[in-house]
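Notes follow the structure.
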Amino acid sequence: MLTLGVAAALLAMGSARAQTPQAPAPVTAAEAPAPRYTASKLEFAFNYMDGDHDGKVSRAEAAGFRGVARHFDEADTDRDNFLSRAEFDAAMNHAKAE
């Protein structure tokens, strides 16, 4: 996300002959990349992994899914050894969990 703003700022600086450095323009929601996965696909995947249907994915439940297991600790932002739906969604779409 930030890369687009920095690239735009560098292009603007190259065309202008200003001698003072300019701060990069902030990235707006319109410029932010679209989520990689839709909410319905994330819901399906999360529910599929949540074998005991308790609303969270344990490390054991994630073990059968190589990508999730490999990045479990990164996705588990509250460090409770479970992935909430919000943590899972954020990790899958490379965003911060809310």
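Listed conditions (1) in contact (Cβ under 8 Å) with a residue 12 or more places away in the chain; (2) surrounded by fewer than 15 Cβ atoms within 10 Å (Cβ to Cβ) are all met by Asp54, apart from (1).
The residues of the range 53-69 that are of a type in the set (D, E, K, R), in a helix (DSSP H, G or I) and at pLDDT 95 or above, listed by number, are Arg59, Glu61. Of all residues in the range 74-92, which are of a type in the set (Phe, Trp, Tyr) and in a helix (DSSP H, G or I)? If the condition is that a residue be of a type in the set (Phe, Trp, Tyr) and in a helix (DSSP H, G or I), then Phe88 is the only one that fits.
The values are calculated or read from the model by the stated rules, or taken from the named source; none is laboratory data. Predicted model only: the values in this text are computed from it and were never measured. Every residue, glycine as well, gets a Cβ built from its backbone with ideal geometry; the counts of neighbours run over all protein chains shown.
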